[in-house]
């Protein structure tokens, strides 16, 4: 099972936004920018659902997601893509955390749900010979 390394966590800490991809059950893709993503364990991420509409619809009908994070401030640039299985939570500790963290940053906004993503695969998006490879192929 895919696990976040310290390097991956560092990239996520430095990113200013994430690209989140979902698709319909018929394979029509949707990619949106998301700011509120947090690491909750070595194999789970949480996204705060503030404005999600199509993304949420896609997750409900086709529960797979890809999240891309990158650090543009290092040379060479460094990035990862995290693929996983999402679940929607509207109560509990992950939801409470998402509500509190959004309110702390943007008091006028409210998280409607927390999307918890169980990471199944991690791919390198950094330029170079490992670009596109699953990190498990490299190690």
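Relative contact order for the chain using alpha-carbon pairs under 8 Å, separation at least 6, rounded to a whole percent?
It rounds to 26 percent for the chain.
Our helix-only sum for the chain, with -39,500 (n - 2.57) per DSSP H run of n ≥ 4 divided by its residues, gives a mean residue ellipticity at 222 nm of -6500 deg cm²/dmol.
Quick check on the exposure proxy: order 82, 123, 51 from fewest to most C-beta atoms within 10 angstrom. Neighbour counts put them in this order, fewest first: 51, 123, 82. The angle between the Cα long axis of helix 93-105 and the main principal axis of the chain comes to about 90°, on a 0 to 90 degree scale. Altogether, the Stokes-Einstein calculation at 20 °C and 1.002 mPa s, with the Kirkwood radius of the chain over Cα pairs as Rh, returns a diffusion coefficient of 139 µm²/s.
Residues within the reach of a label modelled at residue 24 (point 7 angstrom out along Cα to beta-carbon, backbone nitrogen below 20 Å), restricted to region 49-82, are 52-66. Our estimate of slack between residue 50 and residue 64, defined as 0.36 nm per intervening residue step minus the Cα-Cα distance, is 3.1 nm. One Cα centroid belongs to region 40-69, the other to region 72-94; the line between them spans 9 Å.
Every number here is computed from the coordinates shown, using simple stated rules; none is lab data. Here the structure is a predicted model, which means the values were calculated and not measured. Glycine gets a Cβ as well: all are built from the backbone with ideal geometry, and neighbour counts include every protein chain shown.
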